Amino acid sequence: MSHAIRPTWVHAVILGTFCAGFGVALALTDDITKAPIKERALEDKMNSLGQVIPKSIHDNNPVTDAITLPNPAAGGHAGAPAETIVYRAIKDGKVTGVAFEMDASGGYGGPVKLMIGVAPDGKLLGVRVISHKETPGLGDKIDAAKTDWITRFTGLSLGNPPADKWKVKKDGGQFDQFSGATITPRAVVGGIRHGLEFFAANSARMMEKK
C-alpha cells in the first residue's frame, strides 16, 4: 500500500515549527549566558585594575566610579576608540588614583594594550600589559608573568626620568630593551609616556570629587 503524498503546506508547517523552536532555544540560551559573561568580564576588569591600583588606597569599586574622556589615541591608528574610560580609586571621598587603558602603537605584532595606574601626584602606581600579539620568547617579555620588566615603571613619572629619557637605551633613553627585540619595549615605553601625558592633560577632571 502506497503512502499518500503530504500536501506542501504540511511540510511548511513542520519546517516553520522547527525554526520557531530553534529560535526560542537560541534566545533562551542567550538570556541565560548574558549574566555569567557580564560577570566574568567584570571580574577580569577588576583583576586588571587590582594590579595597577593597590587595594589599600580605595574603599570603592573603581569600575562603577568611572568617567569617560576623549581618547588621545583616537587619531593615531585605525580602530582606536573615540573615548577612554578612566577608573577612579576613591577613599574617604577623595580620588587617590586612576587607571585607564592605553594602546601602545608600533609593537612588532600590532598595538599593545596597557592598563596604567597613576597617583594624584603623577607617579605611576603600576603598569600591566593586558593584551598583545608579540613574538613568544622575545617580545612577550613585556608580560609580568614572563619577567619583571614592566614592574620597573612603578613610581616613575614624566619628570622622573626627564621627558627626553623616556626611551629605550638604544634610542638614548633610560629603559632596557630585550636582547634581539627592541621594537616591542620601544612601543611600550612610548605608550606609557603617552599615558602619563594623557593624565597630565586631564588630571583636574580625573581628580574631581564625586
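Considering only the range 70-94, how many residues are modelled with pLDDT of 70 or more, surrounded by fewer than 16 Cβ atoms within 10 Å (Cβ to Cβ) and touching a helix residue (DSSP H, G or I) at 6+ places or on another chain (Cβ under 9 Å)?
First, the residues of the range 70-94 that are modelled with pLDDT of 70 or more: 70-71, 82-94.
Narrowing further to those that are surrounded by fewer than 16 Cβ atoms within 10 Å (Cβ to Cβ): 70, 82-83, 85, 91-94.
Then drop every residue that is not touching a helix residue (DSSP H, G or I) at 6+ places or on another chain (Cβ under 9 Å), which leaves 70, 91.
Here the count works out to 2.
Within the range 104-139, work out how many residues are farther than 21 Å from Met46 by Cβ and either free of Cβ contacts under 8 Å to residues at least 12 places away in the same chain or outside any helix (DSSP H, G or I) (or both). Full working, then the answer.
Residues of the range 104-139 farther than 21 Å from Met46 by Cβ: 104-112, 120-123, 133-139.
Next cut, either free of Cβ contacts under 8 Å to residues at least 12 places away in the same chain or outside any helix (DSSP H, G or I) (or both) only: 104-112, 120-123, 133-138.
Number satisfying all stated conditions: 19.
Looking at the range 45-52, is at least one residue assigned to a loop (DSSP other than H, G, I, E, B), at pLDDT 95 or above and closer than 16 Å to Leu124 by Cα? Before the answer, list the steps.
Initially, the range 45-52 is screened for residues assigned to a loop (DSSP other than H, G, I, E, B), giving 51-52.
Next cut, at pLDDT 95 or above only: 52.
In the following step, the residues that additionally are closer than 16 Å to Leu124 by Cα were identified as 52.
Looking through the range 45-52, at least one residue is assigned to a loop (DSSP other than H, G, I, E, B), at pLDDT 95 or above and closer than 16 Å to Leu124 by Cα.
Considering only residues of the range 167-210 that are outside any helix (DSSP H, G or I) and in contact with a Gly (Cβ under 6 Å, 6 or more places away or on another chain), which is nearest to Gly110 (Cα to Cα)? Working first, answer last.
Taking the range 167-210 as the starting set, the residues that turn out to be outside any helix (DSSP H, G or I) are 167-168, 172-182, 207-210.
Cutting the leftovers down to in contact with a Gly (Cβ under 6 Å, 6 or more places away or on another chain) gives us 167, 181.
On the way: Lys167: 19, Ala181: 14 Å.
Per the criteria, the residue is Ala181.
Report, by residue number, each residue of the range 170-181 that is at pLDDT below 90 and surrounded by fewer than 18 Cβ atoms within 10 Å (Cβ to Cβ).
Scanning the range 170-181 gives Ser179, Gly180.
Being open to solvent by less than 40 Å² (accessible area, probe 1.4 Å), within 15 Å of Val112 (Cα to Cα) and touching a strand residue (DSSP E or B) at 6+ places or on another chain (Cβ under 8 Å) is the filter here, so list the residues in the range 125-143 that pass it.
Of everything in the range 125-143, those that are open to solvent by less than 40 Å² (accessible area, probe 1.4 Å), within 15 Å of Val112 (Cα to Cα) and touching a strand residue (DSSP E or B) at 6+ places or on another chain (Cβ under 8 Å) turn out to be Val127, Val129, Glu134, Gly139, Ile142.
The values are calculated or read from the model by the stated rules, or taken from the named source; none is laboratory data. From a predicted model like this one, the values you see are computed outputs, not experimental measurements. Methodologically, a virtual Cβ is constructed for each residue, glycine included, from the backbone with ideal geometry; neighbour enumeration extends over all protein chains shown. We work out accessible area using only protein heavy atoms, side chains counted, and drop any ligands, DNA or RNA first. Shrake-Rupley method; radii C 1.70, N 1.55, O 1.52, S 1.80 Å.
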